[in-house]
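As structure tokens, the structure follows; a few thoughts come after it.
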């Protein structure tokens with residue numbers, strides 16, 4: 001029996017990879033006891049992860065009463081409403097919901113954001129040299145990795161900049177294990193998010209703009225023609241905001257940390273130009289997956305994954321992207337940070353799974369890559385003497401099994 005998994009444990013949050021490696025050595029998936037008293041199957045092998053993510057026998061629709069039993073409350077009703085998003089749906093509902101947002105993330109529309117991302121990046125970087133020169137460490141998460149993707153996704157979606165701090169706090173709470181926070185903090189966050197998006201949608205109905213939320217609000221009025229109903233609209237608003245900045249924030253913070261702790265790779269990126277910076281982004285996505293795991297799935301029938309692993313029907317399953325991306329059967333020296341493995345002419349590795357696979361592949365993957373490709377070289381060009389101002393082994397990480405990245409990244413100028 002695998003050892004107990006406690007996603008709220010700070011040590012596990014900092015370095016979950018040894019645990020995942022032990023699971024992977026036991027087979028393509030393992031039934032794991034969780035700290036909340038339940039069990040779940042964790043899929044850690046690369047090939048099995050791809051297979052599960054593309055297999056309709058693994059449903060994304062959460063079972064009734066999933067997780068710890070909780071009494072009815074405003075927070076529970078808010079959570080239930082906001083959880084009706086497309087990641088928690090199967091075809092044909094998923095196809096319909098995804099279609100409504102695909103147009104906002106076409107390559108042409110995403111690439112057209114580059115000049116704006118460049119300007120936002122430079123504006124955020126402008127005060128950092130003087131702040132760092134003052135002698136006090138600067139938290140690169142708060143000062144850079146968080147605000148940039150929030151500003152970008154805020155413009156795409158139409159979320160006011162003044163609301164970003166509250167939204168960050170609320171989405172942080174709902175994406176964390178309850179055991180890692182103060183009592184009532186998660187319930188309060190669900191209630192606040194529901195109220196916020198209800199008000200925002202009402203505002204978009206009164207004063208629509210040239211943004212995705214306004215378009216979705218308009219589509220909600222066309223529900224009979226395949227648009228969103230009011231509950232789906234609230235859930236879509238929550239998902240797009242949460243997914244729109246969480247992944248990119250963790251990608252930027254993790255990439256900066258990896259480059260600061262691998263100075264040879266930073267030098268190679270400066271010398272290698274655009275191609276090497278792109279390789280840094282891809283290797284960060286593989287090595288430090290900003291999405292640690294997918295949303296939970298459940299089996300709709302008995303599934304044989306091979307290797308003697310058989311998952312019964314109605315069991316909970318989590319595909320651990322962070323583990324699949326370090327499968328030694330697909331990635332040589334998987335624990336090493338080696339951007340050059342992604343360069344043209346190299347023996348190219350298997351495609352990583354940082355953005356998932358199959359029908360639920362991340363719509364915003366191109367935007368996340370673009371933001372990182374723009375922001376990272378500008379960051380290190382603007383602050384050439386940047387150094388880490390803390391022990392990397394002691395940095396706090398986001399708890400949980402959904403998203404992963406350093407919560408703080410103190411830096412200083414050498």
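The table below gives the values:
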{"read-out": "Relative packing of peptides 293-301, 309-317 - highest average C-beta neighbours within 10 Å first", "value": "293-301, 309-317"}
{"read-out": "Among beta bridges that DSSP assigns inside the range 10-413, antiparallel share in %, nearest 5", "value": "85"}
{"read-out": "Relative contact order for the range 218-363, counting Cα pairs under 8 Å that sit 6 or more residues apart, in percent", "value": "20"}
{"read-out": "Gain in span if fully extended, residue 3 to residue 116, counting 0.36 nm per residue against the direct Cα distance", "value": "35.9 nm"}
{"read-out": "Label-point separation in nm, residue 103 to residue 57, each point 7 Å along Cα→Cβ", "value": "3.8"}
{"read-out": "Three-way shape label, the range 304-366, alpha-carbon gyration tensor, a/c 1.5", "value": "oblate"}
{"read-out": "Modelled FRET efficiency - R0 41 Å, residue 123 with residue 15, Cβ distances, 0.05 increments", "value": "0.75"}
{"read-out": "Mean projected area in nm² (Cα convex hull; one quarter of hull surface) for the range 164-219", "value": "4.3"}
{"read-out": "Residue 91/residue 38 FRET efficiency (R0 45 Å; Cβ-Cβ; nearest 0.05)", "value": "0.95"}
{"read-out": "For the range 118-158 versus the range 1-64, the gap between their alpha-carbon centres in whole angstrom", "value": "35"}
{"read-out": "Backbone N within the range 353-394 under 18 Å of label point (7 Å from residue 261 Cα along the Cβ vector)", "value": "386-394"}
{"read-out": "Using a Förster distance of 30 Å, the FRET efficiency for residue 230-residue 310 (Cβ separation, nearest 0.05)", "value": "0.10"}
{"read-out": "Net lengthening on full extension, residue 275/residue 162 (0.36 nm per residue, minus Cα-Cα)", "value": "37.1 nm"}
{"read-out": "Where the Cα pairs of the range 132-247 fall when distances are cut into 5 Å bins, in %", "value": "2, 11, 19, 20, 18, 13, 8, 5, 2, 1, 1, 0"}
{"read-out": "Projected label distance in nm at residue 131 and residue 183, using a 7 Å step from Cα toward the beta-carbon", "value": "3.6"}
{"read-out": "Ordering of 169-176, 386-393, 405-412 by burial proxy (mean other Cβ atoms within 10 Å per residue, highest first)", "value": "405-412, 169-176, 386-393"}
{"read-out": "Descending principal axes extents, the range 80-178, alpha-carbon based, whole Å", "value": "56, 40, 19"}
{"read-out": "Label-point gap, in nm, between residue 26 and residue 195 - each point 7 angstrom along Cα→Cβ", "value": "4.4"}
{"read-out": "Packing-based ranking, highest mean first, of 46-54, 85-93, 259-267 given that Cβ atoms within 10 Å are counted", "value": "46-54, 85-93, 259-267"}
{"read-out": "For the chain, alpha-carbon Rg and Dmax in angstrom", "value": "21.0, 61"}
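FYI, it's all coordinate maths here, none of it is from the lab. Just so you know, these numbers come straight off a predicted model, no measurement behind them. With ideal geometry, Cβ positions are generated from the backbone for all residues, glycine too; neighbour counts draw on all protein chains shown.
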